[in-house]
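A short worksheet on the structure shown next.
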Amino acid sequence: MTADHDHDDDHGHSHYDTPGSRRARSQLELRAMALEAALVENGVIHTDAIDFFTDAMEHRFGPHHGARVVARAWTDSAFKQRLLDDGNAAVAELGIGGLEGNVRVVENTPGTHNMVVCTLCSCYPWPLLGLPPLWYKSFAYRSRAVAEPRAVLREFGVELDDSVRLQVWDSSSEVRYFVLPDRPEGTEGMSEDELAALIDRNAMIGTGLVSLP
Amino acid sequence: MGGMAGFGSVDVAAVESGHDGWEARAQVVALVSGGMSRFGIEQIPPDKYLNSTYAERWLICAETKLAGNGKVDTASLARWKELFESNQDLLPPRTEDAEGLAKMKESVLTTPLMQQVHDPQFEVGDRVRVRRMRPEPHNRCPRFVRGAIGEVERVPGSDPLPDVSNRSGRVEPVYTVRFESVDLWGDQTDSGEPPFDLLIDLWQSYLEAA
């Protein structure tokens, strides 16, 4: 997907429950609908722009882009160097970029592990990873990742040896951190697409490792 | 909330809320209408903040701000909510604006870069101490690093100071500062947490030479 790719399908309002499904709307959803309706009515916002932005958040941005970046870095050492030196320019080569996308890439190696948190709210590299998972926005993750990261990692099933140098990045400015995971052994002959399929969101936040299926 | 205790373990299986559709849309509505900012979120009283969901915080923030600046009125919010509640088939009205859509595409698809640094007070390798402060509600200097000494790891660029007190829009260099965990939390090795590094971005006026 390139930066100028357009979705022509009408995603408008599909975000609210469709009339056919008859799920009872929660009070919050009703308030959200009322807010949109009142703002549209007053001409403060227009539906087409809201549709475009929401669709970008949900479909145009996402961890499939992050996985492509990682797979490219694993198979092209010159790209990897550019990615670590200037993440924005490197991901733009793959047509990736946008709001909340001022990215710095930090590299995991056998001796160093990086993980990312936003203690102040939920800052996250949208173009590469899409919307953050619920746990990333939770009080438990935000409060503990900077104080007891190994305990948090264990809850994700990641056990780090005491000798591994652990670096926790707190996204307090406009820089968005992205973890380049360590390439697992046994993947030497794999293609970029095969590699990309191994890489999940947690590995690029640093709460997971990449392993063979 | 870095370092606060008592929130329990991380629910690692909680990825999507199950109603991400409208929640994502509500965030966009709040952002685009100017109803949302981290500052606005932090105006929510702490007891209410801790007792609300992520989406609810955005909504509270947007409703409060937009009613406050006259972009909506609470009577019309209540009227629409009643209409949606009583008629499941009803959806918000639709409008289009080609010019606004073009601007939206431009802003969503453009990566916001930081400004070049001019005349930085600190360099990579400098020891810096985070100032003690008791700021107005919003700033970007988490409490758990205040008073601690760290080392400048990188100078990623300059950006407007996001503090609510910065009404002039002053731009300052931002520093990535590396702290050792023992300087923030003491030695936790015995409780299974060997030393680690914490890296965080801090605006120049949050720092002093150490």
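Here are the numbers for this structure:
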| quantity | calculated |
| --- | --- |
| Estimated dipole of the range B:114-209 in Debye, rounded to 20 [Cβ of Lys and Arg +1, of Asp and Glu -1, Cα centre] | 520 |
| ³J(HN,Hα), Karplus 6.51/-1.76/1.60, whole Hz, each residue of the range A:73-87, x for Gly, Pro | 5, 6, 10, 9, 5, 5, 4, 4, 5, 5, 5, 6, 6, 8, x |
| Peptide B:166-178, shielding by other chains (average Cβ, 10 Å cutoff) | 1 |
| Per-pair calculated FRET efficiency, R0 = 56 Å: B:Asn87 and A:Glu107 via Cβ, rounded to 0.05 | 0.55 |
| Net dipole in debye of the range A:68-153 [+1 Lys, Arg Cβ; -1 Asp, Glu Cβ; about Cα centre; nearest 20] | 280 |
| Debye, to nearest 20: dipole size of the protein assembly as shown, +1 on Lys, Arg Cβ, -1 on Asp, Glu Cβ | 1320 |
| Whole-number percent relative contact order across chain B, with pairs defined as alpha carbons under 8 Å at least 6 apart | 16 |
| DSSP beta bridge pairing in the protein assembly as shown, given as percent antiparallel to the nearest 5 | 60 |
| Amide H contacts under 5 Å for A:Ser173, placed H, 5+ residues apart | B:Asp201 |
| Ordering of B:102-109, B:62-69 by packing [mean C-beta count within 10 Å, highest first] | B:62-69, B:102-109 |
| Chain B: angle of helix B:20-32 to the longest principal axis, Cα-based, in degrees nearest 10 | 80 |
| Neighbouring partner chain Cβ atoms per residue of A:86-94, average, 10 Å criterion | 1 |
| Choice from A:Trp74, A:Trp126, A:Trp135 with maximal GNM fluctuation in chain A (Cα, 10 Å cutoff) | A:Trp135 |
| Protection proxy ranking, peptides B:116-122, A:62-68, average beta carbon neighbours within 10 Å, highest first | A:62-68, B:116-122 |
| For A:Leu180, residues with placed amide H under 5 Å, excluding near neighbours | A:Val106, A:Glu107, A:Asn108 |
| Most mobile of B:Glu23, B:Glu151, B:Glu193 in a GNM of chain B (Cα contacts under 10 Å) | B:Glu193 |
| Spatial separation of Cα centroids for the range B:141-210 and the range A:157-213, in angstrom | 24 |
| CD proxy at 222 nm, helix term only [per DSSP H run n ≥ 4: -39500 (n - 2.57); per residue of the protein assembly as shown; nearest 500] | -10000 deg cm²/dmol |
| Extreme residue, positive dipole direction of the range B:132-210, given options B:Pro142, B:Pro195, B:Pro160 (C-beta unit charges) | B:Pro160 |
| Top positive-direction residue, dipole computed over the range A:61-205 with Cβ charges, set A:Val70, A:Ser172, A:Pro184 | A:Ser172 |
| Peptide-level mean, for B:68-78, of C-beta atoms on other protein chains within 10 Å | 3 |
| Pairwise centroid distance, computed over Cα atoms, of the range A:75-105 with the range B:50-72, Å | 35 |
| Choice from B:Asn87, B:Asn51, B:Asn166 with maximal GNM fluctuation in chain B (Cα, 10 Å cutoff) | B:Asn87 |
| Neighbourhood net charge (12 Å Cβ-Cβ; Lys/Arg +1, Asp/Glu -1) for A:Val164 | -3 |
| Interface area, B with A, accessible, probe 1.4 Å, both sides summed, Å² nearest 100 | 8700 |
| Distance (nanometres) between label positions extended 7 Å along Cα→Cβ at B:Gln121 and B:Lys103 | 3.6 |
| Given charges at Cβ of Lys, Arg, Asp, Glu: the range B:12-110 dipole, positive-most of B:Asn87, B:Ser33, B:Tyr54 | B:Ser33 |
| A:Glu188-B:Gln43 FRET efficiency (beta carbon distance; Förster radius 60 Å; 0.05 resolution) | 0.65 |
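The values are calculated or read from the model by the stated rules, or taken from the named source; none is laboratory data. All values derive from a computational prediction rather than experimental measurement. Cβ sites come from the backbone with ideal geometry, for glycine too, and all protein chains shown count toward neighbours. Accessible surface areas use protein heavy atoms only, side chains included; no ligands, DNA or RNA. Shrake-Rupley method; radii C 1.70, N 1.55, O 1.52, S 1.80 Å.
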